Amino acid sequence: MLRLPPFEYHAPRSVEQAVNLYAQHGADAMFVAGGTDLYPNMKRRQFEPKVLIGLGALDEWRGIVKHNDNGVTIRAGTTLAQVADSSILQTQYPALAIAAELVSTPQLRAMGTLGGNLCLDTRCNYYDQEFSWRQALGFCMKKDGVICMVAPGSSRCWAVSSTDCAPVVIALDGRVRLVSPRGERVIAATDLYRDDGIEYLGKTRDELLTEIILPPADETKSIYLKLRRRDSFDFPILGVAAALRFASNGEIEHARIVLGGVGSRPLECTEAARILVGQKLSREAIDAAAEAAWKPARPLDNTDSTHGYRKKMARVYVARALEALGEK
Amino acid sequence: MKQVLHLRVNGQAHELYIEPHKTLLEALREELDLTGTKHGCELGECGACTVLVDGTPILACLALPIELQGREITTVEGLAQGAELHPLQRAFAELNAAQCGYCTAGMMLSAKALLDREKNPTREQIRDALAGNLCRCTGYEKILDAVARAAQETGDEGNK
């Protein structure tokens, strides 16, 4: 049986206790919410924390709160199943409910949390393997080694951002609240990510992600499409989140298109969005935006399927996402 | 370091003396001798170790007993009432929905959670509910048939 490495377990009752525990143990400790990402990684010895700070018993850790201005706050410990089933999210931020519903399987959506999905470890065919497999190959730089197996000449790690929800939260202009013993700060969701397979989060390790804050949806329409081999199980090999706000004359006022699964961080298609703003969602506008969106996508040969196919599908899926928004 | 934990499994209270890094799967199989819950991939990818926690299917290979104290855990051993099989067990047996049988316990628990909330599930709802349980033998059709048969049976019993 694949077993977890030993650790000391703490179950703080408040965010303050949780971040203070981290400060006490430092680099030996890790936070864990649903455990669906961390525990498999620990079984494969990708992480061996001596101390785990379990967040499940935190007060006010789950729930979706509507603001007076019609924005919402989603607490980080809200399960993916709760996000998928939320009627507020389904009606106002459908892309997020769809993305959560498309994460993994019913069992894992009942365990895994939105905060956990946003902090999902980057993935790679050479990294997400058992210890003996990685050892036999000589280890990669993300864990225990010095080179990148996908791009051996590279000085950086190219592991892939594989969260379904991050592209959506970025496309919806979301922000996240980070708390540490030094205080708290709210940053744009896009700034939660860095283009590096190892240091992929734009937060320090002692900062705990506690809330996801979405601005009022107003007239914004949103959607998320996901490409993967098995529709009931897999991580995305491509995700497309698109959010468009239309003016009363039908012109697009605001657009964000964000790709997942094509790099070490979610990839924002700024050129595609620029093309759409001020236009009506015509066939020509959709094709021009899709053409602009796929160019910066540079998937490498380190996930399921071929990278050439995944790049081509970026254009197809962006077009499909925009077409679907036009029909809504 | 080992510590005392309290778990409720199939309506029975248990006191365990185990280390906090033992998973629920290890506790069930190795401490409580409830070997009906199977270990497959042990990485959250197959669903063989599915159990119910307060009626919701979760994976025992990725759950820690230390986090489940005070919750109601149901395993395949908790389905039958004495000698009386659960309608799902009867349907799986009668329709040959199990071949090697390794996925069966997990399948039945995912299905039980569905039947407990949905008396007349559609084929699509059954497929969705079992989406996290892999079977490498049957091609799934007989499993879906068995769940539909059990739903019909429990629905009929409810109408009596």
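Bear in mind that the values in this text are calculations on the coordinates, not laboratory data. Because the structure is predicted, anything quoted here is derived from the model rather than measured. When we count neighbours, we look across all protein chains shown, and the Cβ atoms used for this are built from the backbone with ideal geometry, even at glycine.
Comparing A:G183, A:G197, A:G35 in a Gaussian network model of chain A where C-alpha atoms under 10 Å apart are linked, the largest mean-square fluctuation is found at A:G183.
Taking B:H39, B:H86, B:H14 as the candidate residues, the one with maximal mean-square fluctuation in a Gaussian network model of chain B, Cα springs under 10 Å, is B:H14.
Per residue of A:3-9, other chain Cβ atoms within 10 Å of the residue Cβ number 5 on average.
Decide, for the range A:206-328, between rounded, prolate and oblate: order the square roots of the alpha carbon gyration tensor eigenvalues as a ≥ b ≥ c, take rounded if a/c falls under 1.5, and otherwise choose prolate if a/b is larger than b/c, else oblate. Oblate shape, in that a/c is at least 1.5 and b/c is the bigger or equal ratio. Extending 7 Å from the Cα toward the beta-carbon at both B:K2 and A:D28 defines two label points whose distance is 2.3 nm. Compared with the dominant principal axis of the Cα atoms in chain A, helix A:15-25 is inclined by about 50°. With the helix formula -39500 (n - 2.57) applied to DSSP H stretches of n ≥ 4, chain B reaches a computed 222 nm mean residue ellipticity of -9500 deg cm²/dmol.
Partner chain Cβ atoms within 10 Å, averaged over the residues of B:51-64 - can you pull that number for me? Intermediate values should be presented prior to the final figure.
Values: counts 1, 0, 2, 0, 0, 6, 6, 7, 8, 1, 6, 13, 6, 9.
What the average comes to for B:51-64 is 5.
Result for chain A in a Gaussian network model with C-alpha springs under 10 Å: among A:S264, A:S87, A:S222, the largest mean-square fluctuation is at A:S87. Histogrammed with a bin width of 5 Å, the alpha carbon distances of chain B distribute as 2, 10, 19, 22, 20, 14, 9, 4, 2, 0, 0 percent, first bin at zero. Between A:R3 and A:R156, the distance separating the two model label sites (each 7 Å from Cα on the Cα→Cβ line) works out to 4.0 nm. Three semi-axes describe the equivalent ellipsoid of the range A:66-193; taken as square roots of 5 times the Cα gyration tensor eigenvalues and ordered largest first, they are 33, 18, 13 Å.
To the nearest 20 debye, what is the magnitude of the charge dipole of the protein assembly as shown about its Cα centre, counting +1 on the Cβ of each Lys and Arg and -1 on the Cβ of each Asp and Glu?
Computed charge dipole of the protein assembly as shown: roughly 980 debye.
Under the criterion of Cα pairs below 8 Å and six or more residues apart, the relative contact order for chain B equals 22 percent.
Sum -39500 (n - 2.57) across every DSSP H segment of at least 4 residues in chain A, then divide by the residue count to get the 222 nm mean residue ellipticity, nearest 500.
Values: 12 runs with 102 residues, N = 328.
It lands at -8500 deg cm²/dmol.
Against chain B, whose longest principal axis is taken from its Cα atoms, helix B:141-159 shows a tilt of about 80°. Computed from Cα atoms, the angle from the helix A:283-294 axis to the main principal axis of chain A rounds to 30 degrees. Calculated FRET efficiency, A:R283 to B:R136, Cβ-Cβ distance, R0 = 41 Å: about 0.35 to the nearest 0.05.
What average count of beta carbons from other chains do you get within 10 Å of the Cβ of residues in A:35-41?
Numbers: counts 7, 6, 2, 1, 10, 7, 1.
Average neighbour count from other chains, rounded to a whole number: 5.
Contour minus end-to-end for A:H67 and A:E271, with contour as 0.36 nm per residue of separation and end-to-end as the Cα-Cα distance? Could you put the intermediate results ahead of the total?
Working: separation 204, 0.36 × 204 = 73.44 nm, distance 3.21 nm.
Result for the pair: 70.2 nm of gain on full extension.
Give me log10 I(q)/I(0) at q = 0.06, 0.13 Å⁻¹ for the protein assembly as shown, Debye formula, one equal scatterer per alpha-carbon, no solvent. Relative scattering, expressed as log10 I(q)/I(0), comes to -0.28, -1.30.
When the charge dipole of the range A:84-238 is built from unit charges on Cβ atoms (+1 for Lys and Arg, -1 for Asp and Glu) and taken about the Cα centre, the candidate among A:I213, A:S155, A:L227 whose Cα reaches farthest toward its positive end is A:S155. With the cut-off at under 16 Å, measuring from each backbone N in the range B:68-99 to a point 7 Å along the Cα-to-Cβ line of A:S232 picks out B:97-99.
Pairs of alpha-carbon atoms within less than 8 angstrom and 6+ residues apart define the contacts here; what relative contact order does chain A have, in percent?
Details: 723 pairs, mean separation 50.0, N = 328.
Relative contact order here is 15 percent.
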